[in-house]
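Read-outs throughout are calculated quantities, based only on the coordinates presented, and are distinct from any laboratory measurement. Source: prediction; values computed, not measured. Here the Cβ is made from the backbone with ideal geometry for all residues, glycine too, and neighbour counts use every protein chain on show.
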Amino acid sequence: MQHETPTLYGVLAEFASADELVAACKRVKAAGYEKVEAYSPLPLHEVNHALGHTSKLSSLIFCGGLTGALTGFGMQTYISVFDYPMNIGGRPYFSWPSFIVITFEMTVLFSALTAVIGMIALNGLPQPYHPLFNSAAFERASRNRFFLCIEADDPRFDLAEAKKVLASTQPLLVEEVPH
Amino acid sequence: MTVDSTSALHLDEPYARPVLVEGDRDIAAVTRRVCGVVEAPKPPKAWYVAITITSAMTVMLFGCVAYLIATGVGVWGNNSPAFWGWDIVNFVFWVGIAHAGTLISAILFLLRQKWRTSINRAAEAMTLFAVCCAGLYPSIHVGRIWVAYWLFPVPNQMQMWPNFRSPLLWDVFAVSTYATVSLLFWYMGLVPDLATLRDRATTKLRKGLYGFFALGWCGSARHWQRYERAYLILAALATPLVLSVHSVVSFDFAVSQVPGWHTTIFPPYFVAGAIFSGFGMVVTTMVPARELFGLKELVTLRHLENMNKVILATGSMVGLAYATEFFIAWYGGNPYERFVFLNRALGPYWWAYWLMVFCNVVAPQFLWVKKIRTNLWAMFVISIFVNIGMWLERFVIVVTSLTRDYLPTSWGYFAPTWVDICTFAGTFGLFLTLFLLFCRYLPMVAIAEVKTVLPAAHPHGGHGHKEGAHHG
């Protein structure tokens, strides 16, 4: 057993429905496993609840938006008031109401870029390789099947034990996935 | 997208809702059906015919643009007093069409209108392609296109900065932000579906290409969670953005002092018109596309009917705006304003005005009748009227005001040249070519999102809600 651990990524179970996946997540969590991940062709909030996932993306996006707003307003103020003051129809140089539109656009632009780039980066994408791509069954994870993987680097991991827990959740298939 | 969003609030439906996906309602079938279009060895014959015509038109567009760049903006009909002509009309027309995509993908998402899932991908793609056509016009209208970067606050050799008090500069920011955000939204939505195509690919080339753009997406719960969070916030950002873009476009007119332009009704009136024209274009393209690619079970008559209802509502708003403009022209007591509106209806461009009223105000009213609203031919014809009417609206606004402003000595009559006409036809070529390529090579329906509205996908364990509770 011990000599296998470094090359083993985890034990993967396949389920036919979202219901079964959610039930399996709860059972595996209850058995004390921490390094567990579910895979599905569509987002499932119940799975996130069951596995206790949280994300700091929202606060990141807020910071992005704030940066955008400050950049937009600051850029316009610097250019129109200090660097290149132009007298346009006698309006004051610091005519801030006319800066609002671009400030708004920059806020949206920066937040949207933070949202997408942040999502990609926090998810560790792009990932050209993932051990689960070694599994032939895993191809169905993007179509109609639901998967649950107990990873081998879980402190409580024991191959026979993990297989037993997964087998008790009525999966279609349980298999070992190599690195 | 949200699967359990309604689980806390479970009410008995007052009436049975029609299903969102017809036929085989199982998630494997949805995958097969949508991917089948992309994976078919050959597209339908009509696709070849269509793309031959549209790519020829696109070549014509490039020819016209090259001729314009080589010669100058004088090849268009723009001349004193109408220095804005078809270029601005077409710019506003295409930006308007772009609005439906964002409305469907962002606003309807926030309003939890789950029927949007079958049409949002195609509508977002249309947004992107329409923005390409729109963006082309101002960039070639500047004349010396090689210095178009002067529009942006980029340090240049003249050591000058743009004027941030000008609505034209606001427009540069609004449209470029809109293009960027639309692209991000569309691409992010595509990632899980590209992964599906990657996993189903049978050739190395397809696996490589779809795999590259799928970024190694593996559908893990953690990924989905961040994805959904990003999607929700993007929708929340795109909603005020889409309203701001056409408002800013309307500022190009409203902030000036030209009679007929200088009105406060412009922002809401332009936004309603943009949604109206955008939905018109979505119906025009989706009716043939769903026939051609066999997606009738996913894009059902109910989807089309809902879009027709939006067309009816926004068309009526546009009609109300026309009436309000006339009322204010009379009630405001400004003689120039009053003249401009009388001139619109009775002056040299009376034909454009009344055709516009017929297309935008009268034609959509037929959609009150359910039989018409659910008839493919009828809705197709009405949507064409909407497209024509909304183009005429921009023509009427731009040209009647410019050719009849304060001084009768500077009055004129605008006539387009062949370059104007061919460039405009060419943008349709570009738009449709891109759309046809999209239909053939990318999933036209958001596969992962449609799966979320299927009853089979809903976990019922532990939440205690009834089987099949989420049909709508």
Options A:25, A:88, A:7, ranked by Cα towards positive dipole end of segment A:1-104, top entry (Cβ charges)
A:88
Partner shielding of A:79-88, as the mean number of partner chain Cβ atoms within 10 Å, equals 3
Given H placed 1.01 Å from N in the peptide plane, which residues other than close sequence neighbours of residue A:154 have an amide H under 5 Å from its amide H?
none
If contacts are Cα pairs under 8 angstrom and at least 6 residues apart, what is the relative contact order of chain B in percent?
33 percent
Exposure-ranked with fewest Cβ neighbours within 10 Å first, B:232, A:148, B:320, B:402 stand as B:320, B:232, B:402, A:148
Give me D for segment A:83-179 in µm² s⁻¹, whole number, from Stokes-Einstein with Rh from the Kirkwood sum over alpha-carbon pairs, 25 °C and 0.890 mPa s.
129 µm²/s
Using Cα pairs under 8 angstrom and six or more residues apart, how large is the relative contact order of segment A:57-122, in percent?
55 percent
Output wanted: per-residue J couplings in Hz (rounded whole) for segment B:314-331, from phi through Karplus 6.51 cos²θ - 1.76 cosθ + 1.60, θ = phi - 60°, x for Gly and Pro.
6, x, 5, 4, 4, x, 4, 5, 4, 5, 4, 4, 5, 4, 5, 4, 7, 6
Which ordering of A:51, A:113 is given by a fewest-first count of other beta-carbon atoms within 10 Å?
A:113, A:51
Protection proxy ranking, peptides A:101-111, B:97-107, average beta carbon neighbours within 10 Å, highest first:
B:97-107, A:101-111
Quick one: of A:56/B:204; B:207/B:309; B:42/B:309; A:29/B:451; A:26/B:204, which pairs are farther than 30 Å apart, Cα to Cα?
A:56/B:204; B:207/B:309; B:42/B:309; A:26/B:204
What relative contact order, as a whole-number percentage, does segment A:1-138 give when Cα pairs under 8 Å and 6 or more residues apart are counted?
24 percent
Let me know the longest stretch in chain A that avoids all trypsin sites (Lys or Arg not before Pro) found in a DSSP loop with at most 12 other C-beta atoms within 10 Å.
A:57-155
Might you report the magnitude of the Cβ-based charge dipole of chain B about its Cα centre, with Lys and Arg at +1 and Asp and Glu at -1, to the nearest 20 debye?
960 debye
How about segment B:118-219: which trypsin sites (Lys or Arg not before Pro) there are in a DSSP loop, with at most 10 other Cβ atoms within 10 Å of their Cβ?
B:144
Going toward the positive end of the dipole of segment B:94-189, with +1 on Lys and Arg Cβ and -1 on Asp and Glu Cβ, which of B:106, B:180, B:161 do you reach last?
B:106
Computed magnitude of the charge dipole of chain A (debye, nearest 20; Cβ of K, R +1, Cβ of D, E -1):
460 debye
Cα-based radius of gyration of chain B once divided by 2.2 N^0.38 Å, which approximates compact folds:
1.03
Footprinting proxy, B:45, B:309, B:114: sorted fewest to most Cβ within 10 Å, the residues are B:45, B:309, B:114
Divide the volume of the convex hull of the Cα atoms of the protein assembly as shown by its number of residues and quote the answer in cubic angstrom per residue.
181 Å³
Inside 10 Å of the C-beta atoms of B:164-170, what's the mean count of C-beta atoms belonging to other chains?
6
